[in-house]
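Step one of this worksheet: look at the structure below.
The values are calculated or read from the model by the stated rules, or taken from the named source; none is laboratory data. No experiment lies behind these values; they were computed from the predicted model shown. Ideal geometry is used to build each Cβ from the backbone, glycine not excepted, and the neighbour counts take in all protein chains shown.
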């Protein structure tokens, strides 16, 4: 049995010295750091995509015999006027190559695996690609470097490095792509806009975004009745370029998002091929 006499007795002075003072110092430090980041972001020149044609295609335009995340779905999206397409990728550690698929086991296209290099080669003209990098966090440092090298290998022949946005939740591995010259999307999952914890969580995301020097911050929109990107979040992210995904298929909402300077790209819906393209969202 552990004797209570082994522990220091709890006294008011000890609570102040060992609990309250360190906590106060930590809170003050984080508050000061947050103010610094806010100041720097307000005066920062952003290099993110900035075009009035903000609606990109999620996994291409698919349906019927056209599969999502396929050469055909991407071709349809670009032919319909999309400036960019989001596709899902894995870096297969055994093949040391990128597989285009939303899930594991990998989804086949026309009975075969679709490699990212083949997708890019099929439509080599400079177009924007939002690469949703699945399981980036599970790569070791060595594997992450191999992934960066492979992405350079398949994009450089077409001059696509500046057109590729790599999305991931792991800021450490993601930073390797940034240092290699790719745009990066730091993917976040904030709580609903009305949560009491939302301001603190967003402050942490802003600090990671700033110190990681990522290009944009990605987040889900939420739902019409419980948005993640609501008024409070919009104010907190006013100085951060944002890519929104899982945006409800509501044309009025999309039109509203088009007018927000920091919202640079939107993806409509979840598992949908609904896209509102650029024809009505640019001034003549």
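Observations
- Just one of the listed residues (104, 86, 40) is surrounded by 12 or more Cβ atoms within 10 Å (Cβ to Cβ) and more than 29 Å from residue 251 (Cβ to Cβ), namely 40.
- Residue in segment 206-216 that is free of Cβ contacts under 8 Å to residues at least 60 places away in the same chain, in a loop (DSSP other than H, G, I, E, B) and under 22 Å from residue 57 (Cβ atoms) present: no
- Checked against (1) at negative phi; (2) at pLDDT below 95; (3) assigned to a loop (DSSP other than H, G, I, E, B), residue 271 passes all but condition (1).
- Only one of the numbered conditions (1) over 25 Å from residue 107 (Cβ atoms); (2) in contact (Cβ under 8 Å) with a residue 40 or more places away in the chain; (3) not in a helix (DSSP H, G or I) is violated by residue 195, and that is (2).
- Segment 43-69 - residue that is in contact with a helix residue (DSSP H, G or I) (Cβ under 9 Å, 6 or more places away or on another chain), in contact (Cβ under 8 Å) with a residue 12 or more places away in the chain and farther than 16 Å from residue 128 by Cα and, of those, surrounded by the fewest Cβ atoms within 10 Å (Cβ to Cβ): 63
- For segment 182-211, the set of residues classified as within 16 Å of residue 38 (Cβ to Cβ) and touching a strand residue (DSSP E or B) at 6+ places or on another chain (Cβ under 9 Å) consists of 205, 206, 208, 209, listed by residue number.
- In this structure, residue 146 does not qualify as part of a helix (DSSP H, G or I) and under 17 Å from residue 57 (Cα atoms).
- Here the condition is being in contact with a strand residue (DSSP E or B) (Cβ under 7 Å, 6 or more places away or on another chain) and either modelled with pLDDT of 95 or more or more than 16 Å from residue 262 (Cα to Cα) (or both); of 145, 178, it holds for 178 alone.
- The residue list 147, 238, 203 contains one member that is buried (at least 16 other Cβ atoms within 10 Å of the Cβ) and over 23 Å from residue 119 (Cα atoms), which is 203.
- Residue match in segment 101-115 (condition: touching a helix residue (DSSP H, G or I) at 6+ places or on another chain (Cβ under 8 Å), modelled with pLDDT of 95 or more and either part of a helix (DSSP H, G or I) or under 23 Å from residue 178 (Cα atoms) (or both)): no
Residue by residue, here is whether (1) part of a loop (DSSP other than H, G, I, E, B); (2) modelled with pLDDT under 95; (3) closer than 25 Å to residue 246 by Cβ holds:
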{"residue": "40", "(1), (2), (3)": "no, yes, no"}
{"residue": "45", "(1), (2), (3)": "yes, yes, no"}
{"residue": "48", "(1), (2), (3)": "yes, yes, yes"}
{"residue": "68", "(1), (2), (3)": "yes, yes, yes"}
{"residue": "125", "(1), (2), (3)": "yes, yes, no"}
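- Taking segment 115-132 as the range and being more than 27 Å from residue 52 (Cβ to Cβ) and under 23 Å from the mean Cα position of the chain (by Cα) as the test, the residues that pass are 115, 116, 117.
- Candidate set: segment 70-83, residues that are under 25 Å from residue 241 (Cβ atoms) and in contact with a helix residue (DSSP H, G or I) (Cβ under 9 Å, 6 or more places away or on another chain); chosen: the one surrounded by the most Cβ atoms within 10 Å (Cβ to Cβ): 74
- Selection over segment 158-168 of residues that are at pLDDT 95 or above and either in a helix (DSSP H, G or I) or farther than 13 Å from residue 131 by Cβ (or both) gives a count of 1.
- Consider segment 127-143 and keep the residues that are assigned to a loop (DSSP other than H, G, I, E, B) and in contact (Cβ under 8 Å) with a residue 12 or more places away in the chain. The one that is nearest to residue 83 (Cα to Cα) is 127.
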